[in-house]
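The values are calculated or read from the model by the stated rules, or taken from the named source; none is laboratory data. The shown structure was predicted, so the numbers you read here are calculated from the model rather than taken from an experiment. So basically every Cβ, Gly included, is an ideal-geometry build from the backbone, and we count neighbours across all protein chains shown.
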Amino acid sequence: MIDIPTVRKAFPIFQNQPELVYLDSAATSLKPQCVIDAVSGFYTDHTSNVHRGDYAIAAENDALYDGTRKVVASFIHCDPREVIFTHNATASLNQAAYGLRKFLKPGDVVLTTKAEHASNLLPWFAMQKECGIKVEYAPLDSQGRLTEEAFLSAMHDKVRIVALAQVTNVTGAEQPIKAIAKAAHAYGAYVVCDGAQSVPHMPVDVRDLDVDFLAFSAHKMCGPGGTGVLYGKKELLTQMDPLLYGGDMNARFSSDGTVILKEAPVRFEAGTPAIEGVIGMRAAIEFLQKIGMDNIHAYEKELRAYFLQRMQELNNIEIYNPDNAYGPVAFNAKGVFSQDAAGYLASRNIAVRSGNHCAKILHEVIGTDSTIRASLYFYNTKEEIDRCVAACSDISLENAIGIFF
Amino acid sequence: MNSMNHLLDDPMVLRELIMDHYQYPHHHGLTDDPSYRHVHMASDSCIDDITVQSKIVDGIVEDVRFDGVACTISTSSTSMMTDLMIGKTKEQAEAIVDEYFRMIDHKEYDPDVLEEAVAMKNVYKQANRIKCATIGWKAMKQMLEEGEGHE
Ligand SMILES: Cc1ncc(COP(=O)(O)O)c(C=O)c1O
């Protein structure tokens with residue numbers, strides 16, 4: 001059980017914006033005071049670079065920064081040396097894709113779906129051009145969901161990489177990653193999992209899932225911006241090339257161009273990292289662990305079921321993902337363009353997102369160009385949902401235009 | 001002040017105008033006629049996707065058309081723009097476009113020049129919608145600047 005009033009007290013924005021109903025956590029989450037303090041403490045009390053200084057504060061930051069690998073490892077169940085700090089899920093996915101180039105030859109296939117976020121499609125699209133590989137899509141049902149059977153029907157010998165989100169970002173479909181990874185490995189393919197929408201919301205165990213890579217962003221899980229994680233299996237990381245070269249990731253180099261790189265994970269962290277971001281992410285993970293990922297998952301499921309049921313009572317609302325047990329509610333008000341409707345909701349202090357949410361080919365599956373996405377996190381309440389539903393019941397073309405007068 | 005301008009001060013009327021232009025946009029639908037230039041506005045925002053066509057001959061804007069997927073503000077502001085442009089000289093058209101951008105930027109402007117497009121006068125209050133109110137107008141401005149002929 002989560003004590004919601006206590007949890008909400010940890011988030012200063014609820015005091016500072018008492019009228020705001022924030023239903024856009026799939027875009028980025030709100031930040032608790034402990035994370036804010038961890039970040040600002042780096043500025044006020046212990047500023048330094050990492051892996052470079054010979055003084056006490058620098059040593060403290062080295063311990064905090066590198067120590068965060070252990071915290072992440074305990075969170076997703078891996079070895080700390082398999083935790084690479086990046087700038088966000090996007091950077092993580094790009095690094096994974098770049099590193100896997102070595103294992104690909106022209107004609108090889110990357111299997112994904114049309115529900116994926118741009119960050120898990122465009123890096124592979126780029127490789128179509130540059131490496132002669134081919135991107136293929138496993139079939140989805142009309143609510144954007146992938147089943148194990150549908151995946152297997154699209155799997156074949158030429159598939160070398162399977163690139164899928166554990167939870168997709170528009171419809172919130174949870175994909176059967178564990179079963180898919182098992183099947184993919186039987187074909188000798190690697191599995192790149194986008195955890196941007198799963199890691200913040202549910203317990204994730206990379207050993208149990210047996211994915212080869214997992215990418216996620218700190219900012220969607222109560223952490224700071226500019227910080228993400230790429231988990232990669234050790235035996236793959238040792239063979240992969242870094243996407244970026246520069247300071248800290250090399251051990252030595254000479255004028256003839258010889259470079260000796262450090263071992264993973266530092267090999268993949270060229271340049272000064274977002275140190276305060278990593279320290280803040282650590283505080284975020286510890287905060288989430290204290291509440292308990294199982295509790296978070298269970299509460300969000302309950303909240304989502306309530307939200308869906310209330311929305312289904314409205315005649316003017318069409319919902320695109322009613323059968324998903326979990327994740328955001330994707331909807332439109334009948335006859336009102338998504339952005340107009342979101343503008344009206346904003347006038348009632350309800351923060352949602354409209355558009356295609358970076359999943360620009362999903363419309364081929366769910367049959368609408370753009371949707372409103374209302375996404376939840378464990379700090380949301382039934383009262384907030386009631387306010388959102390009341391505002392949704394008032395969405396009309398007249399009201400959407402009325403906000404300008 | 002004539003009665004038309006008076007009406008255009010009434011929020012109810014302006015709201016109706018936006019509704020009308022959204023539900024029944026003017027000069028909607030593209031032509032294959034090769035004498036038209038076109039500008040596809042899709043890179044400014046990830047939602048609105050509008051194409052505007054124009055035919056400018058001997059310094060006169062003979063026709064403007066548009067189509068696309070867009071919100072009320074994008075659609076109605078572009079529809080209003082087509083009404084204002086057609087039949088004007090290039091210079092007149094440019095002056096109207098400038099006046100419109102002054103209004104959108106919340107500067108002094110002449111409402112008489114803008115006619116029904118004054119319905120967009122409050123969009124500046126919603127910063128994220130300024131893109132919507134200007135998407136079609138930016139396309140037109142670009143074509144006016146490029147002048148006649150083909151790209
Ligand atoms: C499923 C999914 N993948 C990747 C991303 C990209 O995350 P970021 O922008 O933090 O790199 C997002 C965030 O919008 C997402 O929802």
Practice problem: Please give the number of the condition residue A:347 fails out of (1) within 13 Å of another protein chain (Cβ to nearest Cβ); (2) at negative phi; (3) in contact with a Leu (Cβ under 9 Å, 6 or more places away or on another chain). | Solution: (3)
Quiz item: Going through the stretch A:192-205 one residue at a time, which ones are among the aliphatic types (A, V, I, L, M) and surrounded by fewer than 24 Cβ atoms within 10 Å (Cβ to Cβ)?
Solution: A:202, A:204
Quiz item: So which of A:97, A:118 is within 16 Å of the ligand (Cβ to nearest atom) and within 14 Å of chain B (Cβ to nearest Cβ)?
Solution: A:118
Quiz item: Here is a list of conditions, (1) surrounded by fewer than 19 Cβ atoms within 10 Å (Cβ to Cβ); (2) within 14 Å of chain A (Cβ to nearest Cβ), and residue B:111 meets all of them except one; can you say which number that is?
Solution: (2)
Quiz item: Do any residues in the stretch A:356-376 that are under 11 Å from residue A:169 (Cβ atoms) and more than 14 Å from chain B (Cβ to nearest Cβ) have Cβ atoms under 8 Å from those of residues that are within 12 Å of the ligand (Cβ to nearest atom) and in a loop (DSSP other than H, G, I, E, B), where the two are at least six apart or on different chains, and which pairs are they?
Solution: A:375/A:25; A:375/A:26; A:375/A:27; A:375/A:172; A:375/A:327; A:375/A:328
Quiz item: Is it true that some residue in the stretch A:84-92 is buried (at least 18 other Cβ atoms within 10 Å of the Cβ), more than 16 Å from the ligand (Cβ to nearest atom) and under 18 Å from residue A:125 (Cβ atoms)?
Solution: no
Practice problem: Kindly list, by first and then second residue, each pair from a residue in the stretch A:202-217 that is closer than 16 Å to residue A:86 by Cβ and in contact (Cβ under 8 Å) with a residue 12 or more places away in the chain to a residue that is within 16 Å of the ligand (Cβ to nearest atom) and assigned to a loop (DSSP other than H, G, I, E, B), limited to pairs with Cβ atoms under 7 Å and residues at least 6 apart or on different chains. | Solution: A:214/A:195; A:215/A:195; A:215/A:196; A:216/A:195; A:216/A:196; A:216/A:199; A:217/A:88; A:217/A:196
Quiz item: over 16 Å from the mean Cα position of the chain (by Cα), within 16 Å of the ligand (Cβ to nearest atom) and in contact (Cβ under 8 Å) with a residue 40 or more places away in the chain: does that describe residue A:43?
Solution: no
Exercise. Could you grab me the full set of residues in the stretch A:210-223 that are farther than 16 Å from residue A:294 by Cα and surrounded by 22 or more Cβ atoms within 10 Å (Cβ to Cβ)?
Key: A:211, A:212, A:213, A:214, A:215, A:216, A:217, A:218, A:219, A:220, A:222, A:223
Self-check item: Conditions (1) within 13 Å of chain A (Cβ to nearest Cβ); (2) under 17 Å from residue B:134 (Cα atoms); (3) surrounded by fewer than 22 Cβ atoms within 10 Å (Cβ to Cβ); (4) of a type in the set (Ser, Thr, Tyr); number of the one not met by residue B:72
Solution: (3)
Quiz item: Exactly one of (1) touching a strand residue (DSSP E or B) at 6+ places or on another chain (Cβ under 8 Å); (2) in a loop (DSSP other than H, G, I, E, B); (3) farther than 30 Å from residue A:125 by Cβ; (4) of a type outside the set (Lys, Arg) is unmet by residue A:368. Its number?
Solution: (3)
Quiz item: If you scan the stretch A:333-344, which residues turn out to be charged (D, E, K, R) and facing chain B (nearest Cβ under 9 Å)?
Solution: A:340
Practice problem: Collect the residues in the stretch A:148-173 that are in contact with a helix residue (DSSP H, G or I) (Cβ under 9 Å, 6 or more places away or on another chain) and modelled with pLDDT of 95 or more, keeping them in residue-number order. | Solution: A:148, A:151, A:152, A:155, A:159, A:160, A:161, A:162, A:163, A:164, A:165, A:166
Quiz prompt | Condition check for residue A:330: outside the structural domain of residue A:169 (by TED's automatic domain parsing), modelled with pLDDT of 95 or more and not in a loop (DSSP other than H, G, I, E, B) | solution = no
Exercise. Give the stretch A:157-189 a look and list any residue that's touching a Leu at 6+ places or on another chain (Cβ under 7 Å) and either surrounded by fewer than 24 Cβ atoms within 10 Å (Cβ to Cβ) or without any contact (Cβ under 8 Å) to a residue 24 or more places away in the chain (or both), or say none.
Key: A:159, A:160, A:178, A:181, A:183
Quiz item: Any idea how many residues of the stretch A:307-327 are assigned to a helix (DSSP H, G or I) and either crowded, with 16+ Cβ neighbours inside 10 Å or not assigned by TED's automatic domain parsing to the domain that holds residue A:386 (or both)?
Solution: 4
Quiz item: If you take the residues in the stretch A:238-261 that are polar (S, T, N, Q) and in contact (Cβ under 8 Å) with a residue 12 or more places away in the chain, which one is farthest from residue A:95 (Cα to Cα)?
Solution: A:250
